[in-house]
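Let me begin by presenting the structure, written as structure tokens, before commenting on it.
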Amino acid sequence: MDRRFGRRAFMQAAGIGGAAVYLGSMQGMVSAAAPSTVVISPGARKSKVKVAKLYLGIPKAHWPHPTMDIEAEQKKYEEEFAKRSKDFSDIDFVVSELVTKQEQVDQLRERLAEVDGILVIHLSMGIVPMLKKVLEAGKPTMLFAAPYSGHEWTQFGSLQNTPGVRLECMLTSDFGQLAAAVRPFRAIHHLREAKLLDVTARPPAPEYVQSIKDKFGTEIVQIEKPRMMAAYESIAPAAAEDEAKSWIKHATKVVEPSREEVVNSCRLALAFEKLMDEEQATGITVDCYGSMYRQLPAFPCIGFTRLNDIGFAGICESDLKSAVTFMMMQSLCGKPGFISDPTVDESKGGIILAHCLGSTKMNGPDGEASPYKLRCIMERQEGAVTQVSMPVGPKTTQAILVGTDQLRYFTGDVIEAPDIERGCRTKINVKVDGDIECLWKNWSNGLHRVTCYGDLRPDLKRYAHFMDIKLLDEARPITVEEPKAV
């Protein structure tokens, strides 16, 4: 079975949506025979996002037109949602109501208390009193207002700046932006349900673990060596052999790793998935250069690539900051992150982002897989990793969450994917939006950054506003941005 495409085809044939982790049992051992875990959407495995969709309007208002049929207008929007059903497949619109009076908002109060966010659609002039009632619910609220809806847009800015109000606005005729409107709610929901496993002999700092739990709801759980090894030993060797055959078959070349190294790596990969299934986790990281160095039968790299490609999170080096950042960005854009050790090339206005671990599905589980070689870890000259030829040309966003209340980021275009025997295996050179000198002079809070393909600035700014996170563009003179939407 084609590792990159067979799983999804199998699940679709079985009538199950999303990507799957292949788990099962065979005389007490896990095999790769049948799926048991469904990814609801990248970064989520437990439940759908709960959203209230409220259409605010008044019959016979002067704008857009005094004879407009407000119910017909609502129906037009519903047709737009139906056209984009794939974008909302993980969204449960638990409330979908046409609201024409303030009293109706009061009647919805209990139902609004259970949602992750509220999507308000502006239909006509005269909605501000109803909108203020909606905002009293205290929920993150996205407002979509097409041209000609009314003159109320002149008040949205002051409403947005009111202390305690969690409001972001989209003033646009592009109905495709309805999908973007729910992305911050998705990230809020996913992180609240997320669990990150840290395979390490060194307990994570309790203060940091608690701060992440308090802020986002994300749980961080230590997994010690005995449990990890028990999961590894439970994997049927035949399953590891089958997995290794697939990785070897689809590689453009196998350079340094022996077949035994690849098989052991694949057995560990299946063990990760078994452990995550047991814990209902969405991410895992290993202290591979610290307390777990040479303590496991293989390096975790292939296992991490496998997880990232199907919509979970595999994170290097027990880097909890990068892990939380990865899960946040994955939830916003549906794509995995690429954690990197950067090096600067001012002659090209670029920063080369390098790590031995690369993911083949940087455009998400449904995206086209990039070619890869199987290599050893460059600086260690051991182990097995995927050296991925990542896409050249697209915009990317790099970020790191500092503590719980600051996000440092920058954006740029991928101008090349170097394949040279220097640094780490997988590399992209990003021409920075802004000033490359500002970037390296502003650099702080560790070496790693998390890269996702796409321009995530609007999504990050909306999410940051809802979560009270300050944004800092590292490639420009340092000013902490207010977390408002672009």
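Data table
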item: Filtered residues of region 251-287 (kept if of a type in the set (V, I, T) and in a loop (DSSP other than H, G, I, E, B)); result: T252, V255, T282
item: Only one of G164, G176 that is under 28 Å from the mean Cα position of the chain (by Cα) and modelled with pLDDT under 95; result: G164
item: Residue list for region 390-429, filter: part of a strand (DSSP E or B), out of contact with any helix residue (DSSP H, G or I) (no Cβ under 8 Å at 6 or more places or on another chain) and either farther than 30 Å from I469 by Cα or of a type in the set (S, T, N, Q) (or both); result: T396, Q398, Q406, E416, T426
item: Unique match (being of a type outside the set (S, T, Y), crowded, with 21+ Cβ neighbours inside 10 Å, out of contact with any His (no Cβ under 9 Å at 6 or more places or on another chain) and farther than 22 Å from K86 by Cα) among V221, V199, V182; result: V199
item: Residues satisfying the stated conditions in region 144-161, i.e. in contact (Cβ under 8 Å) with a residue 12 or more places away in the chain and polar (S, T, N, Q); result: S149, Q155, Q160
item: Subset tally (residues that are in contact with a Lys or Arg (Cβ under 9 Å, 6 or more places away or on another chain) and either farther than 30 Å from G367 by Cα or not assigned by TED's automatic domain parsing to the domain that holds Y372 (or both)) for region 422-442; result: 5
item: Single match in I220, I248 (criterion: of a type in the set (V, I, T), touching a residue at least 60 places away in the same chain (Cβ under 8 Å), in the same structural domain as D419 (by TED's automatic domain parsing) and part of a helix (DSSP H, G or I)); result: I248
item: Scan of region 317-332 for residues that are out of contact with any helix residue (DSSP H, G or I) (no Cβ under 7 Å at 6 or more places or on another chain) and not acidic (D, E), ordered by number; result: S318, K321, S322, A323, T325, F326, M329, Q330
item: Odd one out for Y77, checked against (1) within 30 Å of the chain's Cα centre (by Cα); (2) closer than 16 Å to S149 by Cβ; (3) exposed (fewer than 15 other Cβ atoms within 10 Å of the Cβ); result: (3)
item: Any strands (runs of 3 or more DSSP E) falling wholly within region 313-376 and containing at least 3 residues that are under 25 Å from K195 (Cβ atoms); result: 313-315, 338-345
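This table checks each residue for (1) surrounded by fewer than 24 Cβ atoms within 10 Å (Cβ to Cβ); (2) within 20 Å of R380 (Cβ to Cβ); (3) touching a Gly at 6+ places or on another chain (Cβ under 7 Å).
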{"site": "L275", "(1), (2), (3)": "yes, no, no"}
{"site": "E278", "(1), (2), (3)": "yes, no, no"}
{"site": "Y293", "(1), (2), (3)": "yes, yes, no"}
{"site": "S322", "(1), (2), (3)": "no, yes, no"}
{"site": "M328", "(1), (2), (3)": "no, no, no"}
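Residue-wise test of (1) modelled with pLDDT of 95 or more; (2) more than 18 Å from S318 (Cβ to Cβ); (3) not polar (S, T, N, Q).
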{"position": "K213", "(1), (2), (3)": "yes, no, yes"}
{"position": "I223", "(1), (2), (3)": "yes, no, yes"}
{"position": "P226", "(1), (2), (3)": "yes, no, yes"}
{"position": "S258", "(1), (2), (3)": "yes, yes, no"}
{"position": "L270", "(1), (2), (3)": "yes, yes, yes"}
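The values are calculated or read from the model by the stated rules, or taken from the named source; none is laboratory data. Given the structure is predicted, the values throughout are model-derived calculations rather than measurements. So basically every Cβ, Gly included, is an ideal-geometry build from the backbone, and we count neighbours across all protein chains shown.
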